[in-house]
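What follows is a single structure, written as C-alpha cells, with notes after it.
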Amino acid sequence: GQIYQGIHQPIISEELFELAQKTHKKRIRKFRVYRDFLFGGLVNCKECGYKMSACFTNKHSEGKLKRYYYYRCTCVNKKGWQACSTKEVSAERIENYILENLERISLDKNYVENLVFKLNHSLNSSSPEIKNSASPHRAGLELSQVCSKFSKFSVETIVSTLKSFLFALASKKGIERNLLIRRGVKEIIYSKENIKITLFYSENLKDFQFSETKESPALLSQGRVNFSGRNEASSFPPQQSEFVSDTTSAPDRNRTYIT
C-alpha cells in the first residue's frame with residue numbers, strides 16, 4: 001500500500017503535470033444529470049403510438065457546453081431517426097404550453113359558460129359549423145356529454161378544480177409536483193398538429209381537493225415561454241389545440257381531454 005518514488009526519467013516535469021491537472025479541472029463543468037420532467041412517462045406519440053421518453057443532449061456553442069432536454073419518441077431511439085417524423089419536442093416548451101393553456105381556461109369563466117351553453121344546443125346537431133365552431137388555434141373546452149350527466153360538474157366546479165390544481169402545482173417542487181401531475185393527468189398524446197391531454201375528475205369532489213383555490217398563476221415556478229414561432233418550420237406549438245371532455249370511463253372518475 002506504499003508509494004515509491006520512481007527511478008526512471010519522467011516524460012514531463014512534476015510542475016507541468018500539476019499545471020495540466022489544474023487546467024483540466026477548470027474545464028470540467030458540472031451538469032445536473034437529472035431533471036424533473038413534469039410529464040415523464042405520460043407523453044405518447046400520436047403518429048406511431050410509442051411512448052415519448054425523457055432525454056437530453058449536450059451541445060457546444062461559443063466554447064460553452066449547454067444541455068437541452070426533450071421528450072423523444074421511443075421509436076426513434078429503437079429504429080433510427082427517420083422511423084418517426086415526430087422525433088422529439090422540447091421539454092420546457094411543451095410543459096409551459098400545456099400549463100399556460102390550462103391556466104388561461106381556468107381564468108376564462110365566460111368561455112367555459114359559453115361552451116356549456118353550446119353543448120346543450122349542439123350535442124345532437126348534425127351541422128359541422130356548430131360542432132367545429134371553436135377556433136382551431138385556441139386551446140378550449142368542449143364538453144361532450146349530455147347535460148343531465150354533466151349536472152354534477154357545474155361551470156364553477158370545472159373552473160375551481162382547474163384553479164386548485166394549478167395553484168397546487170405552483171406550490172410544489174420536485175417529486176411532490178410530479179406526483180401531483182400523475183394524480184391529475186392520465187396521459188398526453190402529442191403530434192405536430194395537436195396535443196391531447198386526459199385529465200381526471202372525481203365525482204366526489206372531496207377526493208380531488210388539491211389545495212385551497214387562490215388567484216395565483218401556476219407558472220411562477222415554471223417560468224413562461226413566448227411561443228412566437230407558430231408559423232415557423234418548427235414542430236411547436238401545434239397547429240391545433242382543443243379541450244374536450246368525456247365521461248365514458250370508470251364510475252368514480254370522468255375523463256377530460258385536451259386535444
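The values are calculated or read from the model by the stated rules, or taken from the named source; none is laboratory data. As the structure is a computational prediction, the values presented were derived from the model and not from experiment. Note that each Cβ is placed from the backbone with ideal geometry, even for glycine, and that neighbours are counted across all protein chains shown.
Consider Leu123 carefully, then state whether it is of a type in the set (A, V, I, L, M), surrounded by 14 or more Cβ atoms within 10 Å (Cβ to Cβ), at pLDDT 80 or above and not assigned by TED's automatic domain parsing to the domain that holds Lys51. Please lay out each step first, then the result.
Working: of a type in the set (A, V, I, L, M): yes; surrounded by 14 or more Cβ atoms within 10 Å (Cβ to Cβ): yes; at pLDDT 80 or above: no; not assigned by TED's automatic domain parsing to the domain that holds Lys51: yes.
For Leu123, the condition - of a type in the set (A, V, I, L, M), surrounded by 14 or more Cβ atoms within 10 Å (Cβ to Cβ), at pLDDT 80 or above and not assigned by TED's automatic domain parsing to the domain that holds Lys51 - is not met.
Based on this model, can you work out whether Asn114 counts as exposed (fewer than 13 other Cβ atoms within 10 Å of the Cβ), at pLDDT 75 or above, assigned by TED's automatic domain parsing to the domain that holds Val185 and not in a strand (DSSP E or B)?
Values: exposed (fewer than 13 other Cβ atoms within 10 Å of the Cβ): no; at pLDDT 75 or above: yes; assigned by TED's automatic domain parsing to the domain that holds Val185: yes; not in a strand (DSSP E or B): yes.
Considered against the rule, which asks whether it is exposed (fewer than 13 other Cβ atoms within 10 Å of the Cβ), at pLDDT 75 or above, assigned by TED's automatic domain parsing to the domain that holds Val185 and not in a strand (DSSP E or B), Asn114 comes out as no.
State whether one or more residues within the stretch 13-36 are within 27 Å of the chain's Cα centre (by Cα), under 30 Å from Ser164 (Cα atoms) and not charged (D, E, K, R). Spell out the reasoning first.
At the first step, the residues of the stretch 13-36 found to be within 27 Å of the chain's Cα centre (by Cα) are 30-36.
Still in the running and under 30 Å from Ser164 (Cα atoms): 34-36.
Still in the list and also not charged (D, E, K, R): 34.
So far as the stretch 13-36 goes, yes, one or more of its residues are within 27 Å of the chain's Cα centre (by Cα), under 30 Å from Ser164 (Cα atoms) and not charged (D, E, K, R).
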